[in-house]
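Read-outs: derived from the displayed coordinates by stated rules, not from any lab. No experiment lies behind these values; they were computed from the predicted model shown. All Cβ positions, glycine included, derive from the backbone under ideal geometry; neighbour counts span all protein chains shown.
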Amino acid sequence: MCDLALLKIEADPETTAIINQLCNSGCHLSTLKLQIKSIEALEAACRRVGLELKPAQMGRADYRIMIPGARMGILVQKDGENWKLVQDSDDRRRIEQLLGPDANRLRQSYGIEVAKLEAARQGYSVFEEEMADGAVKLRIQVSA
C-alpha cells in the first residue's frame, strides 16, 4: 500500500501523475533525522548546498527541496511548531549521492545558517571560514 494515499494529497494534474506513478511502483516515505525550526535557515542551507526550496503544490507538503534527478525531492511538512523533511525511498539513493547519509551536508548547512541568523538577529557580526577538512568555522564577534 502506498503511504502517499494516506496523506490525502490534492495536487495539479502533473503532480498527480507523478504521485500515481510512485504509488503504482510501491513507494515508501521516510522522515529524515533533522528537526527544522526556521524555513529561512532551511532555504539558506539549500542554497549553500546548491539546491532550491520551493513552495509545494501538494496537499500536506508545504515546501519541496528540489533534487536534480529525483522524482519528488524532499518534502517539507509542518509538524506542530517545527517542520519535518520527508523523502521517498525511490529518491533515497540520489539524495544520499548529493547530501550524504541522512542528508549530512544539508544538516551541517542548516546548523551553520541557524547560528548565523541568530547571531545577526542579536546584532553580532559573523565570519565564516572553511577549513581544509571541509568543516566550517564560525566566528561571532560581539561589538563593543
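Taking other Cβ within 10 Å of each residue's Cβ, how do Glu43, Glu118 sort, fewest first?
Working: Glu43 18, Glu118 14.
With the fewest neighbours first, Glu43, Glu118 line up as Glu118, Glu43.
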May I ask you to sort Lys37, Lys84 by Cβ crowding, counting other Cβ atoms within 10 Å and putting the fewest first?
-> Lys37, Lys84
Straight distance only, please: which lysines reach the Cα of Lys37 with their own Cα at less than 23 Å, same-chain residues fewer than 8 apart left out?
-> Lys54, Lys78, Lys84, Lys116, Lys137
Starting from the Cα gyration tensor of the range 29-141, take the square roots of the eigenvalues, sort them a ≥ b ≥ c, and report rounded, prolate or oblate (rounded when a/c is under 1.5, otherwise prolate if a/b is larger than b/c, else oblate).
-> oblate
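Determine, for Asp62, Asp133, the number of other Cβ atoms within 10 Å of each Cβ, and report the residues in order from fewest to most.
Asp133, Asp62
Kindly rank 96-106, 66-76 from highest to lowest mean number of other beta carbons found within 10 Å of each residue. Walk me through the intermediate numbers first.
Working: 96-106: 16.0, 66-76: 19.0.
Going by the mean number of other Cβ atoms within 10 Å, highest first, we get 66-76, 96-106.
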